[in-house]
Every structure is written in structure tokens, then in C-alpha cells.
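Participant: My questions all concern the structure below.
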Amino acid sequence: MASDRMEAGTITITSRKGDEIEAYHARPMEVTGYPSVVVIHHMPGYDSSTKEIARRFASRGYGAVVPNLFHRYAPGASSGDAAAAARAAGGVPDAQCLDDVAGAMAFLKAQPGANGKVGVIGYCSGGRQSYLSACNLELDAVVDCYGGGVVATPDQLTPERPVAVIDMTKDLRCPMLGLFGVNDASPSPEHVAKMEEELTKHHKSFEFHSYEGAGHAFFWVERPSYHAEASRDGWHRIWDFYDEHLAG
Amino acid sequence: MCTYLTSTEKVAGTGLGAQGWFAIEEAVVYFDHPQEALVDHALCIDFRAGSRADPSRRVAVELDAGSARRLAESILATLAHDEVKALGVD
């Protein structure tokens, strides 16, 4: 029987630009040749529920790193205070996010037991950042969990987020799994249809599932938005997808 | 949904935080997922000591939409009261 021991805790990683940021690392122990995943936290922050997701990956035999995208705004602060500081500053610029995800990828690939394959998964605003990352970095698989704002109108673009991510679709470099709630307003079913249209137009490999009765943030446990059926099926889809695309 | 819609108001006042009273310089208002309130979305206000201050110098509130509306109306009604107007403040 394979070992289910894991190691998890806070580390420091170096972003592509050389900045040191806080991150949470979880990995299986006594296992070699394991795949890895960068987990991108949601807008409410680098919090305990996202760290729990990293440990879930480790329990399944994946290495996982959650980069604290809000670290620069409030080093050492609580996740709530850091999220507030990041929001007050206009939110995380896309270029900075890519530097941090690239740093997390490099860290994961350098681990002695890793097989060198790295996927990305993100929730909420992190879903959008996962899509962004997969269009700009050499990732092996991407999971977008209800990322709002991929489809953006010109008035929604800002100096921090200057290009609509859907317009980067032609540069997508890996297979994509998308998990959405039919009752979500962002991404709405219309937004999801537009993403499907764009992915099809550019002949990308993708698989989308939209859950009836579920809204936004259906994976977020202990919250009113949690949806047991969607979450349960979604996790099965994630394991099948990553097991296929990240195996060594 | 996550909203990036955020409005920041420069304000002057004081707030009571975990370490006592401190001067407030800005109020950041947004409608998004709350950290704690058990609703999908909340009207959130962070009363902050300013962008260069310790991020923990913050008073946070998360209100459901109806509560936020009633609070806004209550604030405006209070400021419009004759007794307040008589004080000659804006």
C-alpha cells in the first residue's frame, strides 16, 4: 500500500522577478515521480480553506504550492487584512500574478520527488488567473473553477488587468478543465458559452461542466455557496483530468 | 461571482480596533464574498488607517445588502436632521 504521509507548511518562494513571497507547500512523502499543482487562492485571500485544498492534493499524491498573491501588500498580516490591503491597492496586477505563478512552478519542478509536470488550478478570481497563467506559462494542465472576468468588456479593463483574458485564448498551451455553476452571474452561462466558442475556434483541448442548482464558489466548504453534488462531481473530474495530463 | 468593483473614499475620523483607537484615513467599499458573514455576497467596508499604515489597523464590517441600504439611509437621515443642521456642519 502506498504511503499517505505528507508534509505541509509555510515556505518562501522566489517569484520570476526575484521577489521573495510567502507560500504554502504540501507534498506527499516517501513517494517519487509525483505530479504537481499550483493552487491559486480566491479574492478573499490566502486563507485556511485554500491551504486545505493544497493538503487535499498532497493526500492524493500531488505536490502543491499556494503562492500568497497578496504577500507584498501586507507581509506577515492575517489573510483578511492582506486581502483588504490588496483590494485597496487596486488588486493584483496580471503581470505580477504571472511572476508569482512562474516562481511557484519553478519551485515545484525543482523538488527531488517531482515528475516535472505542473498543472494550475484556481478558484473565483483565481480561476481567471489560472486561465491567464495557462495562456502565458508552460503549464501542463489547467483547471478553471468559476473564474469570473475572463470575458471582460473594455470598461472592465484596468492598468492592473489591461487585456481581457479571453483574448489570450489563442495562446493557451495546455488542456483545460472548466467547472461552473449554472446559477453563477460571473461567469454566467453566457460567459461560459463565449469561452467555449473561443476555445473551439482556436482548436484547443478543453472540457467544461456546468452544474444545475450550483452558483459561484460551490467548492467553498462551510459557506452558503457550497454545493455538495457539484463539489463531489467536480473533485472527481479534477482527479481524472490531472491523473491523465500530469502523470509522469 | 467575484467583483473587482471597489470604491475608496478619503475620510477623517477614528475607529476602534483590536489595539484601541486609531485615526482612519480611508473607507474602502465593495460588494463581494465576505470573509466571515454567512451570505454569498456582502456589502463590505474596510475603515483603514491608510495605505502606508499597518494593514491590521482596520475596522471591517460585512453587511447583507438590505442592512447596508438601511444603514446608508439612516446615516443620511441623521445628517439631514434639523438638530444636526443647526450645528452648521457639512
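Participant: Under 7 Å by Cβ, and 6 or more places apart or on different chains, what pairs join a residue from the stretch B:59-78 that is at pLDDT 95 or above with one that is among the acidic types (Asp, Glu)?
Facilitator: Listed pairs, sorted by first residue: B:Ala60/B:Asp46; B:Glu62/B:Glu36.
Participant: Also: Can you list the strands (runs of 3 or more DSSP E) lying wholly within chain B that have 2 or more residues being more than 30 Å from A:Arg128 (Cα to Cα)?
Facilitator: Where strands (runs of 3 or more DSSP E) fall fully within chain B and carry at least 2 residues being more than 30 Å from A:Arg128 (Cα to Cα), they are B:6-17, B:20-32.
Participant: Now for a different question. When residues of the stretch A:153-164 are filtered for being in contact (Cβ under 8 Å) with a residue 40 or more places away in the chain, within 23 Å of A:Lys204 (Cβ to Cβ) and of a type outside the set (Lys, Arg), how many remain?
Facilitator: Number satisfying all stated conditions: 2.
Participant: Looking only at the stretch A:158-180, count every residue that is at pLDDT below 95 and of a type in the set (Ser, Thr, Tyr) and tell me the total.
Facilitator: Total meeting the criteria: 1.
Participant: While we're looking at this one, here's another question. Taking the stretch B:1-39 as the search range and keeping residues that are more than 15 Å from A:Ala85 (Cβ to Cβ) and among the polar types (S, T, N, Q), which one is surrounded by the most Cβ atoms within 10 Å (Cβ to Cβ)?
Facilitator: Going through the qualifying residues, I end up with B:Thr3.
Participant: Considering each of A:Gly63, A:Gly33 in turn, give the residue that is on the phi > 0 side of the Ramachandran plot and in contact (Cβ under 8 Å) with a residue 40 or more places away in the chain.
Facilitator: Being on the phi > 0 side of the Ramachandran plot and in contact (Cβ under 8 Å) with a residue 40 or more places away in the chain holds for just one of A:Gly63, A:Gly33, which is A:Gly33.
Participant: Just checking, how many residues over the stretch A:33-82 are among the polar types (S, T, N, Q), closer than 21 Å to A:Gly113 by Cα and crowded, with 21+ Cβ neighbours inside 10 Å?
Facilitator: Count: 1.
The values are calculated or read from the model by the stated rules, or taken from the named source; none is laboratory data. All values reported here derive from a predicted model rather than from experimental measurement. For neighbour counting, all protein chains shown are included, and Cβ atoms are generated from backbone atoms with ideal geometry for every residue, glycine included.
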